[in-house]
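Have a look at the structure below, then the notes.
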Amino acid sequence: MTMQRRTSLFTVVTGALALSAFGLVPGAAADPDGQHGTDEGHLIGIGESGKIQLVDVVELTETPDLIADVTVSPDGNTAYLANWGEPDCAGPETGGQGSPDAGAYVVDISDIETDPDSAELIGFIPSHQDTRPGEGMQVVEITTSRFSGDILVMNNEQCGKNGKGGVSLWDVTDPANPRKLSEHFGDRDPGDRDANEIHSAFAWDAGDKAYVVLTDNEEFPDVDIFDITNPHRPRLVAEYDLNDFGVNQPELGLTESFLHDMVVKEIDGRFIMLLSYWDGGYVLLDVTDPANAVFLGDTDFPAVDPELLESLGVSLTPEGNAHQAEFTIDNEFFIGTDEDFAPYRTDPLRITTGPFAGEYPSAIVSGGLPPAVLDDLTLSGPVVYGGYGCPDSAAVPGPEDIPGYLDMLEEGDETILVLQRGPVGDPSAPEEACFPGEKAHQAELAGWDAVLFVQRHIEPDDPFCGSGGFVDAIVAVCTTHEAFHALFNLEPLDPAEWAYPENLTIGTIGERIEVGSTFDGWGYVHLYDAETLEELDTYAIPEAHDPNFAFGFGDLSVHEVAVDPQDPSLAYLSYYSGGLRAVQIQCPAGTPYDPNDATVDKSTCELVEVGSYLDPEGNDFWGVETFVGSDGMTYILGSDRDSGLWIFVDP
C-alpha cells in the first residue's frame, strides 16, 4: 500500500459550470472493472467551481480501479475507504495481515479544518482471503445494553475461490486499533455453511436495539434485516421481497426489481427505510418494528424517459436502475441516483434465419460493451453454443475449432459465442456459477468477438444475465431462454417443458442474429417529494446525453448522492468520470429552497448545478460522504477509484 500527497489545484472558476464549459478532451485511463464501469478515457476539467473547494488529497494507491466506497465516523475525525481487491485478489494465494487481498483504509482527517495537509493513513483493516468490500461501508454509533461505541459495517463479496460472503462488523471506537466484533454473517440457503455474498449494508441505532439491513447478491429481491443489539451475535429477524407489493412496471419493460441499496432514518418518531429497488424504483418501508415492516409506497418511472426527452427530444421508455438515495436533512425530499453504464440500449434481437426467425428481447450485460462500439453499430453473424463458460466449466472452443464456421461469416459479421447464465440446477454442470465477466473472459481468450448470454430456466424469462466481473473489452448482450431454444431449434420449445440438462453439444452452430443500437444516455439523478413520492425533476451532466461523449470519455453515469448535513437545499454527487457535483433544490429555478418559507410550491422545484470539481488529469469518483467540521463548515469526501481520498469543503 502506498500513500502520497497530491498537489491541490486551486484554479477557481466563478459560478456553476458544467463540464462542457471546461473545454473537455478525452484522456487516457486504465480499463475499469466490469461491475462499475467499462469505458476507457476520462473527461478533463480545470479544477473547482461554485460550492466545491478542494482541501486535500490523500493518495492511497497507484493501482487503477482499486478504491470503492468511502464513509466517515460520526465525529468527522476518521475516513474509511474500501479497497475493492488488488489485481491478484483471486490469486496467486498469499493473503493474511501481511498481504491482504482487500479491506479498508483508515485515514485520520481530524485536523483538516486547521491544517489542510494533515490527513494521513493510520491503518488498514484486512478482509478475508479472496474477499472484498465495496458499497456496503458505513460507520454508525451504537448504544445498547450490549455495546456502546462506533461500528464499521463492511460488506463481503468474493474475488476468488476462498472468498466469503456476509457482513462483518468492527469496533472502531478507537480507529487506530479496530477490533473484530463479528464476521461473514448473513442469510444462507439450508445446508450451506457460508452466508450469501452481500453487495451493500446499512445499520441503525433504534434506541435499546440496533439493526442492519443487507443486499443479498444471491437472493436479489430480498430485504434481510438482522438484529445487532449484541454485535457479537447477529440474529436474522425479517426477510422481505418487495415484489410482493407490485413495485415493478412490466408495461414499461421494467421487471428486474431487486434491492441494491438502502438507508434508514428516524422521521417523526418512526424509522423509515428508503430502498433503491432497481426497476422497482424507490420504496419506503416503516421499520420501526423490523419484524413487521409496513409498506408505505414506491415511486413510478414515467412512461417516457424525462431526461432523454428534455436533452434530445427522444421518446423512449426509462431504464429503471434505481441505485441509491438519501433524504434531505429536513426530510421533505429525497434524491435518487439511477446508475446506467450503457449509453446505448440494444434493439430487439432479430433471428434472421431458421424456422423461428423473428424478434426477441435483448439487453446489454452490465459491464460488457454494447453493439454500438462496432463500426456499423450492429452485432451480426451466426452463433455457436459454448456451454456455461465459467472457469471450471467445460472448455470454450475457439471460432477456428468449429468446422465450417468461419466460412459462414459475411462482411461486417462478428464471431459470436452463446453462453448460458448459471449453472444453477443443471446436473450436467456441478461447478459453481460465475459472473458474466468471467464467462466473457473465457470467450475472449478463445478468440471470440462477442458473447450472447442467455437467461437460465427462470420465471419470468427476461433478458437479464447478471452483471460484473468484466476484465475484457468485449461486446456482451443478453437474451431470453426462449430465444436460446429458437436459435438452436432446441426441443422442447414449450417453456413449461424445459428441463436440465439441455440436449445441446458445445460447438453446435445456430442461426444468424442481428442486434442494433439506440442511444439513450447514461444514468442520471431524480428529485422526489418525500410525502407524495412524486417525481419533481431530473438532472444530468450535459455530456451524459450527448452521443459524442458515449465512448472514450470514461463512465458518465451518476453513482451516489450525499445530502448536505446543514442545508436542506444542497446535495453532492459522485459522478464517476464526470467528477464531483453540487446540486441545489431551487423552487422555482433561481430561488434556493427555503424550508422556512411556507409559500414554497414543491411542484416548481428543480435540481440546479451550483458547483463542481474535475481534476485536469481526470477523476473517477465512486463514493461521496458529508459531515460538519469543528469549524461549522460542510466537508465533502470523495473516493477516487484510481487514487484515494479527496477532501472538499463548501466555501
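Below, the figures for the structure above:
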{"item": "Strands (runs of 3 or more DSSP E) contained entirely in segment 66-185, each with at least 3 residues that are without any contact (Cβ under 8 Å) to a residue 40 or more places away in the chain, within 30 Å of residue 325 (Cβ to Cβ) and open to solvent by less than 10 Å² (accessible area, probe 1.4 Å)", "result": "none"}
{"item": "Strands (runs of 3 or more DSSP E) within segment 215-315 that include 1 or more residues under 19 Å from residue 195 (Cα atoms)", "result": "222-227, 235-241, 261-267"}
{"item": "Search result, residues across segment 477-536 that are open to solvent by 30 Å² or more (accessible area, probe 1.4 Å), among the charged types (D, E, K, R) and under 23 Å from the mean Cα position of the chain (by Cα)", "result": "535"}
{"item": "Single unsatisfied condition, residue 192 versus (1) surrounded by fewer than 17 Cβ atoms within 10 Å (Cβ to Cβ); (2) over 30 Å from residue 435 (Cβ atoms)", "result": "(2)"}
{"item": "In segment 467-476, the residues that are under 19 Å from the mean Cα position of the chain (by Cα) and more than 12 Å from residue 362 (Cα to Cα)", "result": "467, 468, 469, 470, 471, 472, 473"}
{"item": "Count of segment 550-602 residues which are without any contact (Cβ under 8 Å) to a residue 60 or more places away in the chain, more than 19 Å from residue 532 (Cβ to Cβ), open to solvent by 20 Å² or more (accessible area, probe 1.4 Å) and assigned to a loop (DSSP other than H, G, I, E, B)", "result": "5"}
{"item": "Residues being of a type in the set (D, E, K, R) and either open to solvent by less than 10 Å² (accessible area, probe 1.4 Å) or free of Cβ contacts under 8 Å to residues at least 60 places away in the same chain (or both) - total across segment 344-403", "result": "5"}
{"item": "Conditions (1) in a loop (DSSP other than H, G, I, E, B); (2) buried (at least 24 other Cβ atoms within 10 Å of the Cβ); (3) at pLDDT 95 or above: number failed by residue 463", "result": "(3)"}
{"item": "When residues of segment 479-525 are limited to those that are part of a strand (DSSP E or B), at pLDDT 95 or above and in contact with a helix residue (DSSP H, G or I) (Cβ under 8 Å, 6 or more places away or on another chain), the one farthest from residue 344 (Cα to Cα)", "result": "509"}
{"item": "Every pair of residues 6+ apart whose Cβ atoms lie under 8 Å, when the first sits in segment 499-510 and is at positive phi while the second is hydrophobic (A, V, I, L, M, F, W, C)", "result": "507/384; 507/402"}
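To keep it simple, each residue is scored yes or no on (1) of a type in the set (Lys, Arg); (2) modelled with pLDDT under 95.
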site: 378; (1), (2): no, no
site: 404; (1), (2): no, no
site: 409; (1), (2): no, no
site: 416; (1), (2): no, no
site: 421; (1), (2): yes, no
site: 435; (1), (2): no, yes
site: 441; (1), (2): no, no
site: 447; (1), (2): no, no
site: 454; (1), (2): no, no
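The values are calculated or read from the model by the stated rules, or taken from the named source; none is laboratory data. Since this is a predicted model, take the numbers as computed values, not measurements. Glycine gets a Cβ as well: all are built from the backbone with ideal geometry, and neighbour counts include every protein chain shown. With ligands, DNA and RNA removed, areas are computed over all heavy atoms of the protein, side chains included. Shrake-Rupley method; radii C 1.70, N 1.55, O 1.52, S 1.80 Å.
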